[in-house]
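Reviewing the structure listed below.
The values are calculated or read from the model by the stated rules, or taken from the named source; none is laboratory data. Source: prediction; values computed, not measured. Every residue, glycine as well, gets a Cβ built from its backbone with ideal geometry; the counts of neighbours run over all protein chains shown.
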Amino acid sequence: MKLKILALLVAVVVLAGCAPLGPTGYPAVGVQENTAYLANGNGIFAVDVRNGVQVWRFPEKTTNGKVFFQAPTVFNDVVVAGDYAGVLHGLSTQTGVEQWTFTEAKGRYIGQALVVGDLLIVPNGDYSLYALDKDGRKVWSYATGQSLWAAPVSDGNLVFQASLDHYLYAIEVTTGELVWKVDLGGALISAPALDTAGNLYIGSLANQISAVRAVDGKMLWQVETDGAVWATPTLIGETLVVGDQKGNVYCKQTADGAPAWMVNAGTAVIGSGVVLGDNVLIGTDDGTLQALTADGKVAWTRAITGRLLSHLTATSEVALVGVLSGDSSLLAYTPTGETTWSFVAPK
């Protein structure tokens, strides 16, 4: 039934011209130093990554109309997180007290914001990408053809933004002017991965992984997958690892997209993986966390009560795993698979 629901969402997004439905219920995590910031439906929770203890929450009590699923971002000592009503909140990193709001966007906030120099680059469901200054004031905006669910990435000069309109956009950071755009043939749900050679790697709901040159948008290669790709590829040396909606986990050569290995994780892989220690961690729809070695072997697995649909995050010591409909909201795992703590977001 879970896979049928995911498949139906893919079909609706594609057939309806990528209508801005928006995912619901995915806990999302941002992390800086010793604090994880969890967006989990009814609030933003600051959690100490050393012990899983809550530091603060926003709002202090559940408030009607405040629903959060955008991973928070720290920008000039302010935690930035947008809600489903189209309000972007700037909160004190120390206390969670609101410092400013940005209310010009008209859609849901889903993709995580990105700090580039002295600007905050924020995607929104109203089809637009916004650049804000440190006080939450708009510097520029750029309108695409459909909703933006993906986080932007940047090389410091250009911002690369994926859209449900099938295009990957390259936008000048300081001016907001379009430099290039390329049609990748399917709705783009998650951010591309950017390597040190200046190449972008991105999956789509058209069952493809594409490589694009960052400087000019030239297509380098494109390969087929069995299922829709929701996640951002994880770069490991000269390979990338990414899962698809049918449960396949692919390792491809970045040079030409040639296969290095493939394993099947059992159920849909929706969230992005993360490197922890010598392994890449992958979460699945049925709540399985898998650690895969560089050659595709399973180092260890952990069964978690709930669904793992969110992008995984890591500090230098632990992986942070957001859980949907589980006993815990956020779990911390060591490189060898031990649980160091669990956090349950209060209602």
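Some values worked out for this structure:
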read-out: Cβ pairs under 9 Å, 6+ apart, first in the range 226-251 and outside any loop (DSSP other than H, G, I, E, B), second among the aromatic types (Phe, Trp, Tyr) and crowded, with 21+ Cβ neighbours inside 10 Å; value: Leu235/Tyr201; Leu240/Tyr201; Leu240/Tyr250; Val241/Tyr250; Val242/Tyr201; Val242/Tyr250; Gly243/Trp230; Gly243/Tyr250
read-out: Residue that is surrounded by the fewest Cβ atoms within 10 Å (Cβ to Cβ) [pool: residues in the range 265-292 that are touching a Lys or Arg at 6+ places or on another chain (Cβ under 9 Å) and not β-branched (Val, Ile, Thr)]; value: Asp286
read-out: Lone unmet requirement of (1) farther than 29 Å from Val173 by Cα; (2) surrounded by 21 or more Cβ atoms within 10 Å (Cβ to Cβ); (3) among the hydrophobic types (A, V, I, L, M, F, W, C) for Trp56; value: (2)
read-out: Of residues in the range 23-53 being small (Gly, Ala, Ser) and either surrounded by fewer than 22 Cβ atoms within 10 Å (Cβ to Cβ) or not in a loop (DSSP other than H, G, I, E, B) (or both), the one nearest to the chain's Cα centre (by Cα); value: Ala28
read-out: Positions within the range 88-103 being among the aliphatic types (A, V, I, L, M) and surrounded by fewer than 16 Cβ atoms within 10 Å (Cβ to Cβ), in sequence order; value: Val97
read-out: Hits in the range 172-183 (condition: of a type outside the set (Val, Ile, Thr) and either surrounded by 24 or more Cβ atoms within 10 Å (Cβ to Cβ) or not in a loop (DSSP other than H, G, I, E, B) (or both)); value: Glu172, Leu178, Trp180, Lys181, Asp183
read-out: Residue match in the range 302-315 (condition: under 17 Å from Ile270 (Cβ atoms), loosely packed, with under 15 Cβ neighbours inside 10 Å and polar (S, T, N, Q)); value: no
read-out: Lone qualifier among Ala231, Ala268 - being under 18 Å from the mean Cα position of the chain (by Cα) and within 21 Å of Ala39 (Cα to Cα); value: Ala231
read-out: Test: Lys252 is surrounded by fewer than 17 Cβ atoms within 10 Å (Cβ to Cβ) and either more than 23 Å from Gln70 (Cα to Cα) or modelled with pLDDT under 95 (or both); value: no
read-out: In the range 97-114, the residues that are of a type in the set (A, V, I, L, M) and under 17 Å from Ile44 (Cβ atoms); value: Val97, Ile110, Ala113
read-out: Residue in the range 59-87 that is surrounded by the most Cβ atoms within 10 Å (Cβ to Cβ), counting only those that are more than 26 Å from Trp341 (Cβ to Cβ) and of a type in the set (Ser, Thr, Tyr); value: Tyr84
read-out: Sole residue being surrounded by fewer than 19 Cβ atoms within 10 Å (Cβ to Cβ), at pLDDT 95 or above, farther than 15 Å from Ala162 by Cα and not basic (Lys, Arg), chosen from Gln245, Gln222; value: Gln222
read-out: Selection from the range 287-307 of residues that are in contact with a strand residue (DSSP E or B) (Cβ under 8 Å, 6 or more places away or on another chain) and farther than 16 Å from Leu330 by Cα; value: Gln290, Ala291, Leu292, Thr293, Ala294, Asp295, Gly296, Val298, Ala299, Trp300, Thr301
read-out: Selection status of Tyr169, under 29 Å from Ile236 (Cβ atoms) and either assigned to a strand (DSSP E or B) or in contact with a Lys or Arg (Cβ under 7 Å, 6 or more places away or on another chain) (or both); value: yes
read-out: Whichever residue in the range 185-196 is without any contact (Cβ under 8 Å) to a residue 40 or more places away in the chain and either farther than 14 Å from Leu168 by Cβ or surrounded by 23 or more Cβ atoms within 10 Å (Cβ to Cβ) (or both) and, among such residues, is farthest from the chain's Cα centre (by Cα); value: Thr196
read-out: Where Asp295 falls short, out of the listed (1) crowded, with 16+ Cβ neighbours inside 10 Å; (2) in contact (Cβ under 8 Å) with a residue 24 or more places away in the chain; (3) charged (D, E, K, R); value: (1)
read-out: Complete set of residues in the range 155-171 that are without any contact (Cβ under 8 Å) to a residue 24 or more places away in the chain and closer than 17 Å to Lys218 by Cα; value: Tyr167
read-out: Test: Ala151 is assigned to a loop (DSSP other than H, G, I, E, B) and farther than 19 Å from Gly176 by Cα; value: no
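Residues are listed down the side, and each one gets a yes or a no for (1) modelled with pLDDT under 95; (2) part of a strand (DSSP E or B); (3) acidic (Asp, Glu); (4) more than 15 Å from the chain's Cα centre (by Cα):
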position	(1), (2), (3), (4)
Gly86	no, no, no, yes
Gly90	no, yes, no, yes
Gly96	no, no, no, yes
Glu104	no, no, yes, yes
Gln112	no, no, no, no
Leu120	no, yes, no, yes
